[in-house]
């Protein structure tokens, strides 16, 4: 692990390209992923594989969507330490939240993009989803514009072709975070919104499919509409319906498929 400490989201490595009988020596840009340990009041709680960027946002967003914290103010302090084997996010949190975490503590060995790794029971894995109450209405052209903006605001993916992005669309502006894991990208985005003291955006756009964990994290953050460029899973659809979330899949150019709560989509607005 001689590459640590990691301070960028990418690295370059030599490679050989074979194409139609030709051989080319070239330099390739690769997305980094690192072992990120999340530590609360001195107790290690989770290790996730993630892109080593926007770690302050990741720490806060993960803590909220995992139910460790219920609001931003419960995170008192954060120290980031780069070591030989990975990166440690050492957080000091409110004592009541720390005691609640210890009561339900689990070991989470997180593979990239894995939302349920390390859960020790079905009851812990499939958690009740909160209801999102919102009277917001979204125009189809808002979804198209947000997704076009998402594609334009992914410098790491443009360099590597290996990362996902999550974007929050609010008042014509898009806030974006990237990561090798789609769930990590969403956690980073939620953390960024919390740090900026922004209200929940009316629309979340994802560069990936819509899975159970994406719906759950969006519901925790109070986001009423999710648009993904790929298909949802059946479980994601059921959870979105239960949470009162408008779930959109195959959102590309001017086409999209609305699976749940289509009343929020106003084609005439």
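The values are calculated or read from the model by the stated rules, or taken from the named source; none is laboratory data. Keep in mind that what you see is a predicted model, and the values were worked out from it rather than measured. Using ideal geometry, Cβ is built from the backbone for each residue, glycine included, and neighbour counts are taken over all protein chains shown.
Residues checked against (1) surrounded by fewer than 24 Cβ atoms within 10 Å (Cβ to Cβ); (2) without any contact (Cβ under 8 Å) to a residue 60 or more places away in the chain; (3) in contact with a strand residue (DSSP E or B) (Cβ under 9 Å, 6 or more places away or on another chain); (4) farther than 20 Å from residue 129 by Cα:
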position: 153; (1), (2), (3), (4): yes, yes, yes, yes
position: 156; (1), (2), (3), (4): yes, no, yes, yes
position: 186; (1), (2), (3), (4): no, no, yes, no
position: 201; (1), (2), (3), (4): no, yes, yes, no
position: 211; (1), (2), (3), (4): yes, no, yes, no
position: 225; (1), (2), (3), (4): no, no, yes, no
position: 230; (1), (2), (3), (4): yes, yes, yes, yes
**Request:** Among the candidates 110, 61, single out the residue that is surrounded by 20 or more Cβ atoms within 10 Å (Cβ to Cβ), modelled with pLDDT of 95 or more and either in contact with a helix residue (DSSP H, G or I) (Cβ under 9 Å, 6 or more places away or on another chain) or assigned by TED's automatic domain parsing to the domain that holds residue 163 (or both).
**Result:** 61
**Message:** Going residue by residue through the range 91-101, is there one that turns out to be outside any helix (DSSP H, G or I), surrounded by fewer than 12 Cβ atoms within 10 Å (Cβ to Cβ) and not assigned by TED's automatic domain parsing to the domain that holds residue 192?
**Reply:** no
**Item:** the range 214-269, residues that are farther than 14 Å from residue 186 by Cβ and assigned to a helix (DSSP H, G or I)
**Value:** 234, 235, 237, 238, 239, 240, 241, 242, 243, 262, 263, 264
**Asked** When you go through 151, 162, 168 one by one, which is the residue that is at pLDDT 95 or above and under 18 Å from the mean Cα position of the chain (by Cα)?
**Response** 168
**Prompt:** Scanning the range 35-46 for residues that are modelled with pLDDT under 95 and crowded, with 19+ Cβ neighbours inside 10 Å, which turns out nearest to the chain's Cα centre (by Cα)?
**Reply:** 46
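So that you can scan it fast, the table gives a plain yes or no per residue for (1) surrounded by fewer than 13 Cβ atoms within 10 Å (Cβ to Cβ); (2) at negative phi; (3) touching a strand residue (DSSP E or B) at 6+ places or on another chain (Cβ under 6 Å); (4) part of a strand (DSSP E or B):
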residue	(1), (2), (3), (4)
8	yes, yes, no, no
17	yes, yes, yes, yes
29	no, yes, yes, yes
53	no, yes, no, no
68	no, yes, no, no
73	yes, yes, no, no
78	no, yes, yes, yes
81	yes, yes, yes, yes
85	yes, yes, no, no
